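Read the structure below first, then the notes.
The values are calculated or read from the model by the stated rules, or taken from the named source; none is laboratory data. Here the structure is a predicted model, which means the values were calculated and not measured. Here the Cβ positions follow ideal geometry from the backbone for every residue, glycine too, while neighbour counts run over all protein chains shown.
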Amino acid sequence: MIPLKFNLQFLLITLTMLIVSTIVNAQSKISFDVSFTEPQAHYVDVEMLISGNKEDKLEIKMPVWTPGSYFIREFAKNVESLKASGNKEDELKVVKIDKNTWSINCKNNNKIKINYRVYAFEISVRTSFVDQSHAFLSPTGIFMYVKGQLSNSAIITIKPAKGWKHISTGLDKLNEVSNIFYASNFDELFDSPIEIGNQEIFEFLAAGVKHEVAMYGGGNYNKERLKTDMSKIVNEETAIFKTNPNKRYVFIVHNYNSGGGGLEHSNSTVLGATRFGYINEDTYTNFLSLVAHEYFHLWNVKRLRPIALGPFNYDSENYTTNLWIAEGFTAYYDNLILRRTNFHSPERYLDIIADEINLVENQPGNRIQAVSESSFDAWIKQYRPNENSKNSGISYYNKGALIALVMDLEIINATRGKKCLDDLMSTMYDEFYTVKGRGYTDLEFRTRAEKIVGKSFDQIYDDYVNGTKMINYSKILGYAGLELKVVSLEKTFFGVTTIAKEGKDLISNIARGSSAWIGGLNVNDELISIDDCRFTDTEKMLREKKIGDKIQVLVNRDGNLIQVEIKLIKDPSLRYQLMSVKSPTASQLVVRGKWLNF
C-alpha cells in the first residue's frame, strides 16, 4: 500500500504537470519577419507568424507605452494595412475592437500570418525611426503580441534594407545566424531595441562583461578614450552591487547635431549624443554622466524595482509612488560615479550638488507637489509639461536625487563611515531581486533603509518624500563639515519668460508669485511695450527699475490691446553655494572622505 503522503505528493505532481502541459499547448509558436521595402518613406514591414493555434478567435495587441518612459504613447496609431491569412493563405476577418487590439476570426486555422506596416518617423530614444540611412526599432511600437501569451517566446528575422550591413541589439542570435534573433518571452523582446544600418561598432571588456558600442551618425568621438572611460564607469557601478547580471551589454548611441537623453533596458541602452561634442570637456563629461545614469539602471529599475514596475501591463498606466527612488537615486549616482572615477573633482561635484539645490529650491512647484505624488503623476505630467508645470510640480529626478543625498549622508554619519547608500542599494538588490525575485513596496524600502542607518526616517518621509518642506541642508551637509552659503538676490521679480513666434514676443511662462503673476499678465499675451517703449528684452528694459516701482505694460491679448499696471516686487529666489566649514572635526572629515571618495 502506498502511503497517503506519497499519494498526495504524486497527485500534486500530476496536477502540476497537467497544468503546465495545458499552458504549453495553449501557447503558440510566434515568429516575426521584419523588412524595409520603403525605408526612405519611414516604413517598417512586419510579418507575424503564429503556429500551433488552437483558438477560434485571437486578439492581437500592440503596447501603448514602453517601460522606462512613463507616458501613454499609443503606438498603434502608426500601424497601417493590417491583414491576416490562414492555413491556405485565405484572408481571415480582422476587426479592430479597441485602440490597440485586433480580433482575428481564425477557426480551423492552426497557422495565422499577420502582415502590417509601421510608420516610424519620431526621433527619440523611446520611439522608432527609419530613413534611408538606418532603422532604429523601439520594440513596443513595432511588435504585437497575442493576448494572454506574453510568456511566449519569439523568433525575429531582420532583413536589412539594401546597403545596410549591421544589426545591434541585446537579443541573442538564434544558432549564431547573423540576422535571426531569439526572445524567451515578450517582456524580453519589448526590452531589446534594435539598431540596423551601417553604425560603427567597437567593443570593450569590463567587469567580466563584453560591451558593444554601436555609434550611428558619426562624430568626433575617440573610440579608445571611450573604451577606457566607459570601462571605469562599468567597473565602479558593478562594485556597488558586487555582481553584473549580464554576459553581454549593448550601447546604442545616436549622434545628432544636438542630442541627448537615454532609455534603459535589461542588457542594453539607447543614448542620444551631440555629434561634435566629444572634444568639449563639459559636453563629454555630460555624455559620461548619461552613460553612468543609464548603466546604473541595469540594477536600479531593471532588476531592483518598485513592485508596480513588473510584470508589466502594456495596456495602461503602471502606477508607483517610487520613481523618486527608481529615477531620482539613479540621477544621484550618475554624477557621484563620475566623482568616484575622478571625472569630477571634489570641488566640481560640490558645485553640481549646489546647482541641484538651486534648481529644486527655486522652483515654485517644489512647495506644491510632493515627490511621491510627482512619481505617481508621471503618466500625466512628466512628459506633458505646460506653461504652469514649474509652478505646480517638481521633478522626481531632481528632488529624488537630493533625497538620495540626504539618505547617503545620514547612513555615512550614523555608521561613522562604515556604510553608505551603496549598502542599502546592494542589500535591496540581493533581497528583492536575487532572493525574492520581485519588486519592493515603499514600506519595504523604508524599513531596510532605517535598519541600515539605525534610526527612524520619519522626518525624511513625512517632510521630504510625502511632504513639501525644505530639506534641512545645514544638518545634512554639516555631517560632512560643509555649510550652505545662501545669497539673497536684490533684484526685481517680473517673472515673465517670452518666446519669439512669427515676429511676436509671446509670454510662454509666468512664475508663481511674481509681479506679472500678481498683476494679471497671461501666457500667450504678446508683449508690446513697457512704459511706452517698444518691448525688446525684459532684462534690459527693467535693469534700472527698483523694487516697488510701478511699470505700465501694454499687451495684445487675443486681438485686444490691454494696458496693465505692474508693481515690481523683490525676487524671492536664493542662490546656494557649498563651502567647507573653517575647522571640520575628525568625524566630519570621515564622512566627507567616505562620500567624496578621498
Next on the checklist: When you scan segment 443-466, do you find a residue that is touching a residue at least 60 places away in the same chain (Cβ under 8 Å) and in contact with a strand residue (DSSP E or B) (Cβ under 9 Å, 6 or more places away or on another chain), even just one?
Outcome noted: yes
Item to check | Where Asn105 falls short, out of the listed (1) surrounded by 14 or more Cβ atoms within 10 Å (Cβ to Cβ); (2) without any contact (Cβ under 8 Å) to a residue 60 or more places away in the chain; (3) closer than 22 Å to Asp33 by Cβ | outcome: (3)
Checklist outcome for this item: The condition of being more than 21 Å from Ile158 (Cα to Cα), β-branched (Val, Ile, Thr), surrounded by 14 or more Cβ atoms within 10 Å (Cβ to Cβ) and touching a residue at least 12 places away in the same chain (Cβ under 8 Å) holds, among Val44, Val64, only for Val64
Checklist entry - Just a yes or no: is a residue in segment 76-88 surrounded by 13 or more Cβ atoms within 10 Å (Cβ to Cβ) and touching a Ser or Thr at 6+ places or on another chain (Cβ under 9 Å)? => result yes
Checklist entry - For segment 339-357, does any single residue satisfy the condition of being part of a loop (DSSP other than H, G, I, E, B), in contact (Cβ under 8 Å) with a residue 12 or more places away in the chain, surrounded by 21 or more Cβ atoms within 10 Å (Cβ to Cβ) and polar (S, T, N, Q)? => result no
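Inside segment 451-483, can you point out the residues that are among the aliphatic types (A, V, I, L, M) and surrounded by 18 or more Cβ atoms within 10 Å (Cβ to Cβ)?
Listed by number, the residues that qualify are Ile452, Val453, Ile460, Val465, Ile471, Ile476, Leu477, Ala480, Leu482.
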Checklist entry - Just one of Thr434, Thr415, Thr468, Thr497 is over 31 Å from the mean Cα position of the chain (by Cα) and either hydroxyl-bearing (Ser, Thr, Tyr) or outside the structural domain of Thr238 (by TED's automatic domain parsing) (or both); which is it? => result Thr415
Checklist outcome for this item: In segment 175-204, anything more than 25 Å from Thr66 (Cα to Cα), of a type outside the set (D, E, K, R) and either without any contact (Cβ under 8 Å) to a residue 24 or more places away in the chain or in a loop (DSSP other than H, G, I, E, B) (or both) is listed as Asn175, Val177, Ser178, Asn198
